[in-house]
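Here's the structure we're looking at; comments come further down.
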């Protein structure tokens, strides 16, 4: 990479695709195919860490809670990770726009590894929740920065082709995560350490490999601004004040009570924090954590709204499917991980196919429409499930939802990135991810609130069903040998107790539900039917949200995809800057090469690549 003070003609004479010993961009901001692939491998390894951690813990949390004697506090382990990772996402995006992607990505991996090591040796549930918060602090960068780095390296049209690989990371982690988590949690000891602790310790070798790959291959040009950049500390503070109480109430409101004093306090503090955040962001202008100017773009605004709605449907309703598989169909956590394979396959197939089509045609407007349409069709299929619905019927719905998601996730990210200038790709990417996570958090909270609000009446209605009553009466008839055996079986004791006290029916599934797996099918039938009925209500809610996204997708303005990557655009602007600097003896910089950006950015060698950052003198 030429220094800022070198002759621009000499720099432009180098071949655009010249090979480099490592993934250091060639002059002009162009990277070779080999350099791009090396960087992608490192980014995928880092993103795999965060994606795997979201699924591997789910199947082991019960074992962890039992060992640490804190079943009632297990929600905080998930909540702490979710809150910190969500809030840190836009912060990483903004800081990476200022200080560069590479150092922030290295920091994110390092923080995540520290949190993983500490979580592996936690001695209490509250301590584990705190260490999971440290993990979340790193995870926010692991999720947002790879897509931003892709935005730097590749033109939007080419970006779609590669982002399909990143979505495959989520697919693979979704399949092996529950399996690995179940295996580790089910093993008493591994190398003298309790098995469930390896759920977190397994991140260490994976993370170290990812860190080494990033240190070796990820080299991007450093950026130098002519004027000092303000860091939006107040924006970061107010977004925390605004979102932490609202995320807490979203996760804990059902337990606290939506109208309880602590919930009302969370509402008030969150509202004040959001208002303060908007005021601070208006004052900070272009230096804001989430610049409000981004929303002047109709494309960015609509892509953000669609991201919130898609996140709501995806995280909210899809969290109900594993529960249905495990509780109604009796699948183990590991089995349910395999059973959602159609969804993962649909996501991978459609993401790769849509990416290739976008790369070849440069058109992407059709994919949000098709994606939300297929998701709507999948959730519509789910509304027909009952307690005795065969697995293949659910798999049809899962496949449709997966085919829809694969066309949405990368397309909405590309639309957001393409709607902003190269200087704002990081903050645009992190903002898109941030709002999708907010939608997902709200989706999980709302869907589970609907589920457990609907469950008591659904269970009561199931017990009042005449056919179910007849089945229970026949199964528990003491005059028959089978009835005597069922009445004497300890596995049926809990349900028999519930039958003797009908007032406990509505809350029977609020705690341990393992009794359904071992009890007589006739006795378990009303619980399975009631839960299936309540789950259908959740799918109707998700269907309504996704249908709204389907309607709004027709209003997404698909601006033409830019033909150059952010690195190339910045390099071209820098070339114009250097040319004018050489022609102007006074050193005054002006000209069209800077476009509308009032902060010229110079492409200079990354210090880690053997050079030292040098800004043009003026």
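Things worth noting here:
- Of the residues making up the stretch 119-130, those that are surrounded by fewer than 24 Cβ atoms within 10 Å (Cβ to Cβ) and either touching a residue at least 40 places away in the same chain (Cβ under 8 Å) or in contact with a strand residue (DSSP E or B) (Cβ under 8 Å, 6 or more places away or on another chain) (or both) are 120, 121, 122, 123, 124, 125, 126, 129, 130.
- Meets criteria (more than 17 Å from the chain's Cα centre (by Cα) and either closer than 23 Å to residue 444 by Cβ or surrounded by 19 or more Cβ atoms within 10 Å (Cβ to Cβ) (or both)) for residue 47: no
- Yes/no for residue 412 being at pLDDT 80 or above, under 18 Å from residue 527 (Cα atoms) and in a helix (DSSP H, G or I): no
- Residues located in the stretch 465-488, provided they are surrounded by 12 or more Cβ atoms within 10 Å (Cβ to Cβ) and within 12 Å of residue 525 (Cα to Cα): 465, 468, 469, 471, 472, 475
- Flag set for residue 319, criterion: surrounded by 16 or more Cβ atoms within 10 Å (Cβ to Cβ), under 30 Å from residue 181 (Cα atoms) and modelled with pLDDT under 85.
- Single residue of the stretch 232-271 satisfying the filter (touching a helix residue (DSSP H, G or I) at 6+ places or on another chain (Cβ under 7 Å) and more than 20 Å from residue 82 (Cβ to Cβ)) that is surrounded by the fewest Cβ atoms within 10 Å (Cβ to Cβ): 257
- Residue 253 vs. criteria modelled with pLDDT under 85, in a helix (DSSP H, G or I) and closer than 29 Å to residue 379 by Cβ: yes
- Checked against the criteria, residue 200 counts as at pLDDT 80 or above, outside the structural domain of residue 363 (by TED's automatic domain parsing) and buried (at least 24 other Cβ atoms within 10 Å of the Cβ).
- Residue in the stretch 551-561 that is crowded, with 19+ Cβ neighbours inside 10 Å and at pLDDT 85 or above present: yes
- Of all the criteria given as (1) within 30 Å of residue 526 (Cβ to Cβ); (2) not in a helix (DSSP H, G or I), the one not satisfied by residue 420 is (1).
- When we screen 330, 346 for residues that are at pLDDT 85 or above and in contact with a helix residue (DSSP H, G or I) (Cβ under 6 Å, 6 or more places away or on another chain), the only hit is 346.
The values are calculated or read from the model by the stated rules, or taken from the named source; none is laboratory data. Not measured: the values here are computed from a predicted model. Positions of Cβ are backbone-derived with ideal geometry, glycine not excepted, and every protein chain shown enters the neighbour counts.
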